[in-house]
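Notes for the one structure printed next.
The values are calculated or read from the model by the stated rules, or taken from the named source; none is laboratory data. This structure is a prediction, so every number in the text was calculated from the model and none was measured. All Cβ positions, even for glycine, are placed from backbone atoms using ideal geometry, and neighbour counts span all protein chains on display. Side chains are part of the model used for accessible areas, which takes the heavy atoms of the whole protein and leaves out ligands, DNA and RNA. Shrake-Rupley method; radii C 1.70, N 1.55, O 1.52, S 1.80 Å.
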Amino acid sequence: MYRFAPRLLIRGIAGGSRRSSAASRPFSTDLPAAPTEDAAFVEAWRKVAPNVDPPKTPLAFMKPRPPTPASIPTKLTVNFVLPYQSEIANKEVDMVIVPATTGQMGVLPGHVATIAELKPGVLSVHEGNDVTKYFVSGGFAFIHANSVTDIITVEAAPIDHIDPTLVQKGLADFTQKLNSATTDLEKAEAQIGVDVHSALNAALSG
């Protein structure tokens with residue numbers, strides 16, 4: 001692959017004039033949100049399953065993003081959505097702390113635009129002295145340049161809704177499955193269970 005690099009570089013330089021206009025494009029945060037429905041998909045869905053509503057995506061729960069302000073706002077606007085519902089919609093908070101795969105990451109107003117993959121752990125929403133904590137199974141946090149953060153997770157639950165007894169039981173069960181696993185698939189499934197329940201246990205004890 002590397003032996004083709006000079007050729008690609010030369011092609012990139014030669015085509016630089018064609019891409020000069022692309023470099024001046026605004027950030028995605030300056031653009032309105034995409035339509036919440038794909039008309040072609042909905043039409044195809046209606047032909048296959050006319051009696052079933054088309055599935056929703058996290059985008060269906062979001063509103064168009066505001067433009068990037070000239071100065072850093074005092075609040076961070078947060079959208080926190082799951083595949084089946086919106087947990088937080090356009091809420092102004094002081095800070096959120098997300099369980100990124102690289103470690104706990106605090107997000108304040110004016111944070112640099114970032115996409116962070118999330119691992120099982122605690123998501124904290126800070127509003128003054130009030131802190132609301134959720135356990136999330138994983139997902140992504142999209143931090144935009146306009147002090148808007150979109151958090152999308154597969155599953156989430158408030159920490160105070162989690163039963164510690166069930167967590168301990170689940171951790172013991174998956175640990176036993178991991179020790180007795182004989183195939184790579186069984187080991188992978190058991191390891192995921194151990195990781196999630198270990199994170200749940202740490203969230204409850206922390």
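Ignoring ligands and nucleic acids, what accessible area does THR165 show with a 1.4 Å probe (Å², nearest 10)? In the full protein context, THR165 sits at about 100 Å².
Which of the peptides 43-49, 153-159 is most tightly packed, and how do the rest follow, judged by the mean count of other Cβ atoms within 10 Å per residue? All intermediate terms of the calculation are to be shown ahead of the outcome.
On the way: 43-49: 10.6, 153-159: 15.6.
Ranking the peptides 43-49, 153-159 by packing returns 153-159, 43-49.
Taking a straight Cα-Cα cut-off under 19 Å and skipping sequence neighbours fewer than 8 places away in the same chain, the lysines within cross-link reach of LYS177 are LYS169, LYS187. Using a simple spin-label model with pseudo-atoms 7 Å out from Cα toward Cβ, LEU108 and VAL154 lie 3.3 nm apart. Show which lysines lie in cross-link reach of LYS47 when reach means a straight Cα distance below 21 angstrom and same-chain residues fewer than eight apart are skipped. Straight-distance partners of LYS47: LYS56.
Potential lengthening of the chain between ASN129 and ASN201 amounts to 23.4 nm, from the contour at 0.36 nm per residue minus the alpha-carbon distance.
Take the solvent-accessible surface of the protein heavy atoms, probe 1.4 Å, and return the percent of it on segment 95-206 that carbon and sulfur atoms account for.
Working: 3430 of 5930 Å².
Whole-percent figure for carbon plus sulfur exposure: 58.
A Förster distance of 41 Å, applied to the separation of the beta-carbon atoms of GLU189 and ILE72, puts the FRET efficiency at 0.35.
Output the peptides 182-192, 75-85, 142-152 sorted from most to least packed, where packing is the average of other Cβ atoms within 10 Å over each peptide's residues.
Details: 182-192: 12.3, 75-85: 18.5, 142-152: 21.2.
Averaged packing, sorted descending, gives the order 142-152, 75-85, 182-192.
Compared with the direct C-alpha span, the chain from THR101 to ALA181 gains 26.2 nm at full extension, assuming 0.36 nm per residue. Heavy-atom accessible surface of LYS119, to the nearest 10 Å², is about 80 Å², with a 1.4 Å probe and all protein chains retained.
Accessible area per residue for segment 38-186 is 59 Å², calculated with a 1.4 Å probe on protein heavy atoms, without ligands, DNA or RNA. Along segment 72-81 the Karplus relation, 6.51 cos²θ - 1.76 cosθ + 1.60 evaluated at θ = phi - 60°, assigns HN-Hα couplings of 6, x, 7, 10, 9, 8, 10, 10, 10, 10 Hz to successive residues, with x for each Gly and Pro.
Shape of segment 71-206 from its Cα gyration tensor (a ≥ b ≥ c, root eigenvalues): rounded if a/c is under 1.5, otherwise prolate when a/b > b/c, or oblate? Display every interim value, and only then the final one.
Working: a/c = 2.72, a/b = 2.01, b/c = 1.36.
Here segment 71-206 falls in the prolate category.
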